Every structure is written in structure tokens, then in C-alpha cells.
Amino acid sequence: MLNVALPKGRLGEKVYAMFEAAGFECPSIKEQNRKLIFENSEVGVRYFWVKPSDIAIYVERGAADIGVAGKDILLEYNPDVYELLDLDIGKCRMAVAAKSDFRDDPRRTLRVATKFTNIAKNYYASLDRDIDIIHLNGSIEIAPILDLSDVIVDIVETGKTLKENDLEVFETIVPISARLISNKSSFKFKNEQIEKIVREVSAQLKASN
Ligand code: PRP
């Protein structure tokens, strides 16, 4: 049985459709209910819906053999997993944003509000810039408006959230997309099934490009 962790939500539904087309179908997953685990023993697959930011934990610890996680989560937590494929969906970017009148004064410590403290620390370390990290769990956009921070480091997809809160992107740190990841020992012991998914999904990606 191949255990697959899918990110709960719209992205996960797209990913399931890719796996279904790769021959790992599990029709019960489409039933409207609140179940979180679905299994098709005929093709040897078990799917479970997981909070997107938790996928890497399941895969790293082997509770899931494979899963789909955003590059943001992989960069932030650096889990000990294999990154097998860029799925080219869930695309967005990690960016520095601030109020439009913000001007950086390099003599002062920069106050940075973010959920992604490691990504922010690494980025500013690469610029040799002193920062004061303010870790928040959500609604990051409020921080510069209330002068809790000078800038934010956050995910920007359409840019709508920033625009509606009068903020602007100042720098793009890294582009983000969904990645297929594998537990390291599962990749060895369930290699045939995992390679089949990688092969079929890669073929789908090529065909759609
Ligand atoms: C992210 C991010 C922004 C928003 C950006 O939040 O933190 O708030 O999306 O998207 P946009 O550029 O299309 O407006 P998300 O919805 O992932 O949830 P969160 O509040 O848990 O961070």
C-alpha cells in the first residue's frame, strides 16, 4: 500500500486528479463527506487529506510515503525528504512587502514580520542585513500598517491582499510551487510505485506544456 498525503483544499484536488490519471485512482475520495482517509486496495493506494503545512512532517517521519508540499514549506522547515518533481501548480512567490512610502535605512535594524522566519533570516543573512524577526501566525499584512514591523516576508499569489491593504512588493525572494516529495526509505522500498507516479505525472506535465 502506498500512503499519499494530499494537501487539503483546491490544490489537493488538482493533485489527486494528476495521481488518478497516473493510474492511482480512488473513487471514494470524491464522496462529499468529512472523512480524511480513503483507500483503494485494488490499486494499492491510500490517500489522506492533511493541512498543507503538515505534509512534510508526515512524509519525513514515514507516516506517508509521498506527498505534495509547497516549496515555501520545504525551504522553511528543510525536512529530510527527497524532492522528486515540480508539479507546476500552486504557483506564487515569497516576497518582501511594505507600505509604498517605505525606504530602507541600512543604519537601522530592519523589523521583519513573517510566518516564515527561517526563509526571512536566510534571505537577510545573504544580504548581510541586521533584522529583528517578529514571528506571526497569520494576517501578516497588518504588521506594517500598525507599525509593528517595517516590512513583511510573505507569500504573494495574485497580489490582491497586498493591494487591498496598501502594501507593495519590494523584492521577490524566491518563486514557489507545489513539489512531489518522498520519504527516503519509502523511495527505496516502494520505488516501483513511486517511480511510476513520477513518470506518469511528468508525462502529463510535458503534455500540458
Ligand atoms: C497567503 C498570504 C497572503 C495571501 C496572498 O495567505 O499570507 O495573505 O495568501 O495571496 P494573494 O496575493 O492572492 O492576495 P493564505 O491564504 O495562504 O493563508 P494564511 O492567512 O494562513 O497565510
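The values are calculated or read from the model by the stated rules, or taken from the named source; none is laboratory data. Treat the numbers as computed from the prediction; the structure is a model and nothing was measured. Neighbour counts run over all protein chains shown; Cβ positions are idealised from the backbone, glycine included. Areas reflect the complete protein model, heavy atoms only, side chains present, ligands, DNA and RNA absent. Shrake-Rupley method; radii C 1.70, N 1.55, O 1.52, S 1.80 Å.
What the table shows:
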{"item": "Every residue from the stretch 130-148 that is open to solvent by 50 Å² or more (accessible area, probe 1.4 Å) and away from the ligand (no atom under 12 Å from the Cβ)", "result": "ASP130, ASP132, HIS135, ILE145, LEU146, ASP147, LEU148"}
{"item": "Helices (runs of 4 or more DSSP H) (entirely within the stretch 1-87) containing at least 1 residues that are of a type in the set (Gly, Ala, Ser)", "result": "10-21, 55-60"}
{"item": "Residue tally, condition open to solvent by 70 Å² or more (accessible area, probe 1.4 Å) and closer than 22 Å to LYS115 by Cα, over the stretch 75-88", "result": "3"}
{"item": "In the stretch 127-148, residue farthest from the chain's Cα centre (by Cα) [restricted to those that are small (Gly, Ala, Ser) and part of a loop (DSSP other than H, G, I, E, B)]", "result": "SER139"}
{"item": "Residue in the stretch 181-203 that is assigned to a strand (DSSP E or B), in contact with a strand residue (DSSP E or B) (Cβ under 8 Å, 6 or more places away or on another chain) and under 27 Å from PRO79 (Cβ atoms) present", "result": "yes"}
{"item": "Complete set of residues in the stretch 149-170 that are in a strand (DSSP E or B), out of contact with any Leu (no Cβ under 9 Å at 6 or more places or on another chain) and near the ligand (Cβ under 9 Å from one of its atoms)", "result": "ILE155"}
{"item": "From ASN183, ASN191, residue being buried (at least 20 other Cβ atoms within 10 Å of the Cβ) and away from the ligand (no atom under 15 Å from the Cβ)", "result": "ASN183"}
{"item": "Of all residues making up the stretch 49-74, the number that are open to solvent by 10 Å² or more (accessible area, probe 1.4 Å), more than 15 Å from LEU11 (Cβ to Cβ) and hydrophobic (A, V, I, L, M, F, W, C)", "result": "2"}
{"item": "Number of the condition not met by PRO106 [criteria: (1) modelled with pLDDT of 95 or more; (2) not in a helix (DSSP H, G or I)]", "result": "(1)"}
{"item": "Hits in the stretch 88-103 (condition: part of a loop (DSSP other than H, G, I, E, B), among the charged types (D, E, K, R) and within 16 Å of the ligand (Cβ to nearest atom))", "result": "LYS91"}
